[in-house]
Amino acid sequence: MLLEIRDLRVKYGNVEALHGINLSVGEGEIVAILGANGAGKSTTLMAVSRIVKSSAGSIEFGGRALHRLKPHDVVREGVIQVPEGRRIFNTLTVEENLSLGAFVRTDATRIAKTREWIYELFPILRERRDQLGGTLSGGEQQMLAIARGLMAEPKILLLDEPSLGLAPLLVKAIFRTLVTINRAGVTIVLVEQNAKAALKLANRGYILEVGNVVLEDSAEALLANPEVRKAYLGG
Ligand code: ATP
């Protein structure tokens, strides 16, 4: 497996948010992490990108121990998180936001190639390249957040609720683009409240409940599972 999380625990102060979870992602997969508010989905991603520290367990990526690295070194390994709430730079232009995403790279020709690919994936960003991030619509900001992540040339992209607050048509468009990105060779981990849409996209899924993995299966099997349907897919 490309990403192997074993017995991972994370604490916020005295409160443990992850109680020893196991989760793995194969190269080329799209894996969904589902669960209610507060289940620990964001914490799992933040532990992988080392934004939060783990208190026990291991996280290996391509055989490298991420749990021993600093966040910027995790980025150098090709592990890129697109955070919830987008966190783009409102006072920088689209183009400047993209350039910041490439901060670990030095090859100008390759960076320009990636930017061109991104503008093909998200033509609206090309149109808006000189506009300030803060003036974009919610959907465009989400596209920019994903695009900025791609500028780092990720091997694996960790997406935290990319559908949050977006109209259904826009969610469809963004999820379609995620498939294109995946086919271009980027492995994807997708944290979502929108379980149905996520499972339609994913190969496999994990269900978290209060800091534990309670179920893992193929996306197909999860979509057909009566318990999952009742709890997460609206019956
Ligand atoms: P959501 O969809 O609401 O983001 P989630 O599944 O991503 O939910 P987490 O955000 O990972 O869940 O939260 C897991 C648990 O850790 C929750 O009980 C939450 O209250 C707690 N928690 C998260 N961040 C912090 C923090 N910075 N300080 C203290 N507790 C936190």
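Taking strands (runs of 3 or more DSSP E) as the structural unit, those lying wholly within the stretch 26-90 and holding at least 3 residues that are touching a Ser or Thr at 6+ places or on another chain (Cβ under 9 Å) correspond to 30-35, 79-82. Against the list (1) closer than 21 Å to PHE103 by Cα; (2) of a type in the set (A, V, I, L, M); (3) within 14 Å of the chain's Cα centre (by Cα), the condition LEU125 fails is (3). The C-beta contact set for the stretch 87-115 (first residue closer than 19 Å to GLY139 by Cα, second residue among the polar types (S, T, N, Q) and in a loop (DSSP other than H, G, I, E, B), distance under 8 angstrom, 6+ apart or interchain) comprises THR93/GLN131; VAL94/GLN131.
Filtering the stretch 116-133 down to residues that are in contact (Cβ under 8 Å) with a residue 24 or more places away in the chain and either among the β-branched types (Val, Ile, Thr) or farther than 27 Å from SER42 by Cα (or both), which residue is farthest from the ligand (Cβ to nearest atom)? Ranking the candidates gives ASP130 first.
Looking across LEU8, LEU18, one residue alone is part of a strand (DSSP E or B), modelled with pLDDT of 95 or more and either more than 23 Å from LEU222 (Cβ to Cβ) or within 9 Å of the ligand (Cβ to nearest atom) (or both). It is LEU18.
In this structure, does GLY185 turn out to be loosely packed, with under 15 Cβ neighbours inside 10 Å, within 16 Å of the ligand (Cβ to nearest atom) and not acidic (Asp, Glu)? Criteria not met by GLY185. Taking the stretch 38-92 as the range and being within 16 Å of the ligand (Cβ to nearest atom), at positive phi and in contact with a Leu (Cβ under 9 Å, 6 or more places away or on another chain) as the test, the residues that pass are GLY40, ARG50, GLY57, GLY85, ARG86.
The values are calculated or read from the model by the stated rules, or taken from the named source; none is laboratory data. Remember, predicted model here, so these are calculated numbers, not experimental data. Cβ coordinates were reconstructed from backbone atoms using ideal geometry, including for glycine residues, and neighbour counts include every protein chain displayed.
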